[in-house]
Amino acid sequence: MNLGIVGAGMIVKDFLSFTHELPEIKLEAIVARNIENLKNLQSIYNIKEIFTDLDECLSNPSIDTIYAVSYTHLRAHETKA
């Protein structure tokens, strides 16, 4: 599974903490607003790409699954996208 993640909060960090135990998951990209937080997560968890724009992330052809874990009021829009 080539995974893109939307959000970079506590739930995502908990999820990332065990993804190394799941060899079928490849961390392709993560998108969130805070670029410094994204850079930190990228370096810790070996995430290929980081984005601050959802549409740019979704246009990545290597992603086949999205895990949307952002603020509740944003999820409907992100899921539709």
Matching residues, segment 42-65, being open to solvent by less than 80 Å² (accessible area, probe 1.4 Å) and part of a helix (DSSP H, G or I) | 42, 45, 54, 57, 58
From the residues in segment 3-24 that are part of a loop (DSSP other than H, G, I, E, B) and in contact (Cβ under 8 Å) with a residue 60 or more places away in the chain, which one is nearest to residue 53 (Cα to Cα)?
-> 7
Residue count, segment 25-41, condition within 12 Å of residue 2 (Cα to Cα) and part of a strand (DSSP E or B), comes to 5
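Do we have residue 72 as modelled with pLDDT under 95 and either in contact with a strand residue (DSSP E or B) (Cβ under 9 Å, 6 or more places away or on another chain) or open to solvent by less than 40 Å² (accessible area, probe 1.4 Å) (or both) here?
So residue 72 fails the test.
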Report, ordered by the first and then the second residue, all pairs with beta carbons closer than 8 Å, sequence separation of six or more or different chains, a first member in segment 42-62 that is more than 20 Å from residue 1 (Cβ to Cβ), and a second member that is of a type in the set (Val, Ile, Thr) and surrounded by 11 or more Cβ atoms within 10 Å (Cβ to Cβ).
-> 52/31; 52/35; 53/31; 56/31
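The values are calculated or read from the model by the stated rules, or taken from the named source; none is laboratory data. Just so we're clear, the structure is a prediction, and the values are computed from it rather than from any experiment. When we count neighbours, we look across all protein chains shown, and the Cβ atoms used for this are built from the backbone with ideal geometry, even at glycine. Surface areas here come from the heavy atoms of the whole protein model, side chains and all, with no ligands, DNA or RNA. Shrake-Rupley method; radii C 1.70, N 1.55, O 1.52, S 1.80 Å.
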